Structure formats: structure tokens, C-alpha cells
Amino acid sequence: MATPKPVLHATLDSGQVIEYLPEVIGEGGMKVVHFTPDRKSVVCFFKDVGVGADPQRLPRLQNIVGKYNPTTDPKTGHYWKDLFCWPTAIVVKPRLGVVAPTYAGNFFFASGPFKGKEKQATWFTSPKLRRMLPAAERGTWLAYLQMSIRLARAVRRMHNAGLAHSDLSNKNVLVDPASGAAVIIDVDSLVVPQVHPPDVLGTPGYIAPEVLGSANLELTDPQRILPSRRTDQHALAVLIYQYLLGRHPLRGPRVNSTQSAEEDERMSMGERALWIENPTDTTNRPAKLGVSYKVLGPYLAPLVERAFMNGLHHPAERPGADEWERALVKTTDLLLPCANSACPGGWFVLGEGAPRCPWCRTLKAGSFPVLNFYRAGKTGQFLAERHRLAVWHHARLYPWHVFDNHFAGEGADRTPQAYFARQSGGWWLMNQGREAMTVVGAAPIPVGGGIELKDGQQIQLSKAQHGRLAVVQMVNG
Ligand SMILES: [Zn+2]
């Protein structure tokens, strides 16, 4: 008979005693990690005994697990559990630590050369590593957009609660391009600005230039800049740029110090940081840049410019996580599938010019509809919104398209209201909503019925308050 494995015991701050396994399954800069016997949770102990002695630490952890915890929200908590690996309890004995859920299985490689390893963005965005991945793990460009949305949304949620992460990086965000999932981990060192000073400066490549530029000053020096929401905004922009374009925005050929590699890194990511795509100063542009950031389309390209031009050295100019989230969600509406079955991206953003896929240069053939949205003004007229939906076979219309006061966020109703289909050479809209849609100058579209889309058609998607008008435009590929 096998002897049962020994278990160790830890006491929570509530007094409850839990079991954990003696084997150390992971070790980071700050913590050692053990499984609970059911392997559904991990117990993480702080390595530094000074952390346990810090009188601020326990109340800080209590705030993170309690007051600031989005995963316990009765309405949206379930949604946030997928986006954060949020601590569920505090351990006080034998040492200070936290209990957290185990990362979902899809954030570990199931096969291939990296089997068992955590999926960090670097595996997918570095062209060299990416080539070594099984095709099924690489994901389409749509998945990278979805990962970006989830990350921006999670950061927006933290920032709205007054928290800063302080160490957002490829190490602290796990991704799964096969499904488009992303999760923020290591949430226990969150910063409540003005209350909890940060533990770390951040991770190289993601630390904001002003933090790196003042890192040589004493912590108490008023000129010293510490991680905050503004510095999270820099890290968020870097991560989104990496996910969507597969390269780092500041790592180019320019040498900023010949003294040492460390000094060059400090200058290149700090006070002399320069975007590799800066249109006026091209001294950091790689010889082979790849596709321009402009392929990200009309909503994201201006945010990229703000983040890496003015915002790079002027933190107040950086786009907020909420702005990224909205621009990313709207960009989803401009996506078109690439006709080339061997395309490395699979999807691309419809821009102003011809519908050509930037990842494989295939031009989309034939004409297809685009819906231009108008919202109802106070006096009955409809106002243009600079919001378009590119239509593809099996694309859907959701409540956030039909109504101008719905947003595709954590609490959104995701019931399809219509779908589009290409049939006998024409494009059709099929009404799946709960009311007929009105067509200006034609018969209404009943529930369950459809209409063939024609250039210039005006469809009132709902007569209810906030119902939008969609004007059909046929685009030729
Ligand atoms: Zn393509």
C-alpha cells in the first residue's frame, strides 16, 4: 500500500487552516509556490522575511483580496475570474503569503518543444520562437486582437478602481492565441497610489521611460518617479503593440550609449527612448521594419501614435486603458477574413484604401457590404458615428451594434440580433432580433426574415430608444 503523501498546513488570516504540498512548483523573484492537494489553488509564500515584517503588507493584501477584488462582484465577478488570477485568501502562518487559483490549463503548452511551459507573449511574438510552435498554438490575428481587448479591459477595471498593477509585462500576462484568452497574474503586488508604494520598478522593456530615467534617485527624492497608472499605460501600449505587430516599439538599431550594454539599455528604454516608427526621427528604424502600424486601422493607429510619440515622454498624453479597449472593440467591427488559406494572419483590418491583407498581400476579391452606423439625435435626425461594420459570410450583429448605449464590455448581452450570409452572389442580412427592422422606402424585415443588401439602403435596426440607423455601402475589392 502506497504511503499517503505528506501535506503541510498553513493558517489563513481568517483562522482557517488549509493544506498544501511540500514540493515547490515555482519560484519567482518574490515568492515560492506550492500546490494545494486538489491542485485547484496555489499557496504562494513571500521569500523575503522583510515582507512579512512590513506593517503595511497585511492591510495591503486584505485590501486586494477584499475591497478591490473585482472577482467577487456579484454581477460581473464571473467574467473577471477569467481575466485575472486574483488572490482568494491571505496566509499568515508559517509565513506571509496568498492563496490564488491555479492558471487555467490553456495557458500551458500541451505539446511541442515547450510542453508544460507557461504561455508568455514572447513565445508568440518573437518570429524565431514562433516558427518553432505547433501551428495550432500560433492563433490568428483575430485572437491577438481578442487578447488585446481582454488585457485592456482588465487594466481598465483595475484603473477604474484606483489601482495600478505596477509590473505589467509579458511575464505577468499569460496568453493563449489558440483561443484569444489572456490573464493577468501576480496581482498581489498591486499598487494603491499614495497608499502602497510599489515593490518593484517593473520588467525591462515595459518600464516607463520616466521611471527608468529617475531610477538612480533616492526613493524619497521628489524627482523620483514610481510605477503608477500612467506607467501601466506605457506597459499596456507596449504589450498591445507587441501582440498586434509582433515587435517591440522601442527596440531598434540606434545606439544611445557606447559605455556599456546596461547604459545603452537604460538610455534606449529611458530618457532617449524613440519609437521605431517615429515619422520625423527615423534614426531608430530597423532596416526591415515589416508592416506599418497603420494597418491597425483608423481607431488604433492614432492611439499608437499618441502612446509612442508625445506620450512616450509626456505621461499625461498616454491613452488610457479605456480608450484602448474601445478602439480595439471597434476595430473588431472592421475585421475581414483573408481569402488566402495559407495566410499567417487570417484576418485583417479594413482601412481607407483597397481591402488588401497586409500579412500576405492578397487582395479581397468581389464586392462586399459595409454598414455605416448613425445614432439617433435628440430631435429625430440621425448623426454619423465614424463607426463601421465590415460584413463577411456568417458575421453577426450584436446588441452593441443595434443600440448606441450598449457596449461590448463585461456586462454585455451577447445575443446575436442578426447574421449575414453570402448567397447566390448576393449579401443577405437575416433578422434574429425580437422586433422587425425598418427599411427606408421598402418593406420591413420581419423577425426571422431577411433582406438582400444594396448600396445606399437605410435600415433602422430598432425603433426603440437608442436604436441605430445603418446605411449600407457596397465596397469593391
Ligand atoms: Zn492574408
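Nothing in this text is a laboratory measurement; each read-out follows from the coordinates by a stated rule. Just so it is clear, the structure is predicted and the values come from calculations on it, not from any experiment. As a convention, Cβ positions derive from the backbone with ideal geometry for all residues, glycine included, and neighbour counts pool all protein chains shown.
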Check your understanding: For T76 and V7 in one chain, what is 0.36 nm times their gap in residues minus the Cα-Cα distance, to one decimal in nm?
Key -> 21.3 nm
Study note, to complete from the structure: Filtered hits (lysines, Cα-Cα < 16 Å from K171, offset >= 8 within chain) -> K31, K117, K119
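Could you give the length gained by full extension between A342 and L289, i.e. 0.36 nm per residue of separation minus their alpha carbon distance, to one decimal place?
Going from the current span to full extension adds 16.9 nm.
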Exercise for review: List the lysines whose Cα lies under 23 Å from the Cα of K364, skipping any in the same chain that are fewer than 8 positions away.
Suggested key: K294, K330, K454
Check your understanding: If one computes the Cα centroid of segment 388-410 and of segment 277-313, what distance in Å separates the two points?
Key -> 28 Å
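What order, most packed first, do the peptides 467-474, 215-222 have when packing is the mean number of other Cβ atoms within 10 Å of each residue?
467-474, 215-222
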Study note, to complete from the structure: So, with points 7 Å from each Cα along the Cβ direction, the E265-N160 label distance in nm works out to 3.7 nm
**Study point:** Restricting segment 375-432 to trypsin sites (Lys or Arg not before Pro) in coil, as DSSP defines it, with at most 13 other Cβ within 10 Å
**Key:** K378, R414
Check your understanding: Working out 0.36 nm times the residue gap between H313 and Q432, then minus their Cα-Cα distance, what length gain in nm do you get to one decimal?
Key -> 38.0 nm
Review point. Please state the relative contact order of segment 110-333 as a whole percent: Cα pairs under 8 Å, 6+ residues apart?
Key: 20 percent
Exercise for review: Please report Rg over Rh for the chain, where both radii come from the alpha carbon positions and Rh follows the Kirkwood definition.
Suggested key: 1.01
Review point. What number, in percent, do you get for the relative contact order of the chain if the mean sequence gap of Cα pairs under 8 Å and at least 6 apart is divided by its residue count?
Key: 9 percent
Exercise for review: Order by neighbour count: R318, R153, fewest other Cβ atoms within 10 Å first, most last.
Suggested key: R153, R318
Check your understanding: Around P286, with a cut-off of 13 angstrom between Cβ atoms, what is the net charge of the other residues, counting Lys and Arg +1 and Asp and Glu -1?
Key -> +4
Revision key, fill the gap. Relative contact order as a percentage, segment 242-362, C-alpha pairs under 8 Å and 6+ apart, gives 18 percent
Exercise for review: Report, in whole Å, the centroid distance computed from the Cα atoms of segment 133-152 and segment 43-117.
Suggested key: 24 Å
Review point. Taking neighbour Cβ counts within 10 Å as the exposure measure, how do R251, R434 sort from fewest upward?
Key: R434, R251
**Study point:** Neighbour cut-off at most 11 other Cβ (10 Å), DSSP loop, GluC sites (Glu not before Pro), segment 1-55
**Key:** E23
